[in-house]
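Each remark here refers to the structure printed beneath this line.
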Amino acid sequence: MDLILAWFRRQLADPQIVALALIVLLLVLSVWLFGQMLAPLLVSLVIAYLLDAMAGRLRACGVRHSIATSVVFVMFLAILWACFFWLLPLLIRQMGQLFHQIPFMVIEVQQALLQLPSKYPAMISEQQIREVFAGFNTELIRLSQRLLDFSIASLMTLITILIYLVLVPILVFFLLKDKVLLINWVTGFLPRDRRLTHEVWVEVDRQIGNYVQGKLIEILIVSFVTWVVFRYLNLQYATLLATLTGVSVLVPYVGATVVTLPVALVAYFQFGMAPSFYYVMLAYAIIQFLDGNLLVPVLFSEAVNLHPVAIIAAILLFGGLWGFWGVFFAIPLATVIQAILRAWPREEYPKNDDALVAR
């Protein structure tokens, strides 16, 4: 206990550490207590952060700040409205058609599995399969009820979407336009001696900037390639499945595994066990392999360097705390923690070479 108290006294004696700890604590409490109310602002900050990197490249080419901001913002509006009026209705329509066919898919899979007991009677029985599908059907009914509840509350959802469509572009524009003014205003509340905080921010800015840009490019490439391949193979719901495959890269190791199920179900329901089914699954496996072993190393060669165990732990921790958004921002949040730990002052202990050799 004395060692712990002594460590706290040493840390609290350093104003740099105290300032950094207070800033982190204030940010965590703000997100924890007011995250839902500040959601449009947080979304706008992420988008503005991404767009500012694009505007920075234009400014580096000699384009004035106002022109670079306007070009990037108009591009953002064009993409936003294209997604809202073209991509989103298409995804909703395909999702509705898929949910309508899911009960028929389940019945067909059940019939196929019921043939296994006759082939492998020592491994599985018909009763076991029926019990599994009884539980699955119960969960399917619950999911349908949730979808019904969601459709009943669709008016509030529509109002929320409209608020986002109005507020987010306005916030993004002013965050881009008055970036320097806003940063100076915020830093005016920070202590003058903030070397440690600045060091952490530089590391976080570099890592998260690389991560956000890299992930956006990865999502676009994976989605487009998957869409082209699925369309070539005449797979139904190609746009929906390609979008799910692209978004799945946000959750490493887990996303690709989860999306495999709807891809396999759609392919099996459409083609059965014909060669086309195996072509779809093989193509999906190749896309995932190339993404993990070629695309990711190229895009993230200098970006986030986290151990797989740390990534999975971050997904579990932040997903448990904040649900979908916790999973969505798990890696950036883990990167912030990593930057703080790297910058945190450490005490140097004399090395005992004999002890190391003995071990």
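The values are calculated or read from the model by the stated rules, or taken from the named source; none is laboratory data. This is a predicted model, so every value here is computed, not measured. Note that we place each Cβ from the backbone using ideal geometry, even for glycine, and neighbour counts take in every protein chain shown. Heads up: the accessible areas ignore ligands, DNA and RNA and are worked out on the full protein's heavy atoms, side chains in. Shrake-Rupley method; radii C 1.70, N 1.55, O 1.52, S 1.80 Å.
Here are the numbers for the structure shown:
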item: Sites Leu182 and Ala53, calculated FRET efficiency, Cβ-Cβ separation with R0 25 Å, nearest 0.05; result: 0.90
item: Efficiency of FRET from Cβ geometry, Val254 and Met123, R₀ 35 Å, rounded to 0.05; result: 0.80
item: Shape category assigned to the stretch 33-100 from the gyration tensor of Cα positions, a/c cut at 1.5; result: oblate
item: The stretch 169-245 - charge dipole about Cα centre, Lys and Arg +1 at Cβ, Asp and Glu -1, debye rounded to 20; result: 100
item: Rg in Å to one decimal, and Dmax rounded to a whole Å, for the stretch 198-298 via C-alpha atoms; result: 15.8, 59
item: Carbon + sulfur, % of accessible area of the stretch 175-258 - ligands and nucleic acids excluded, 1.4 Å; result: 69
item: Residues of the stretch 55-119: accessible area per residue with a 1.4 Å probe, Å²; result: 66
item: ³J(HN,Hα) computed for each position of the stretch 39-46 - Karplus, 6.51 cos²θ - 1.76 cosθ + 1.60, integer Hz, glycine/proline x; result: 3, x, 5, 5, 4, 5, 4, 5
item: Nitroxide proxy distance, nm - points 7 Å out along Cα→Cβ at Ile217 and Gln110; result: 4.8
item: Highest to lowest packing among 285-294, 263-272, 65-74, scored as the average C-beta count within 10 Å; result: 263-272, 65-74, 285-294
item: Computed FRET value (nearest 0.05) for Val74 with Leu321, which takes r as the C-beta separation and R₀ as 41 Å; result: 0.65
item: Inter-label distance for Val202 and Gln97, nm, one decimal - labels placed 7 Å from Cα along Cα-to-Cβ; result: 5.4
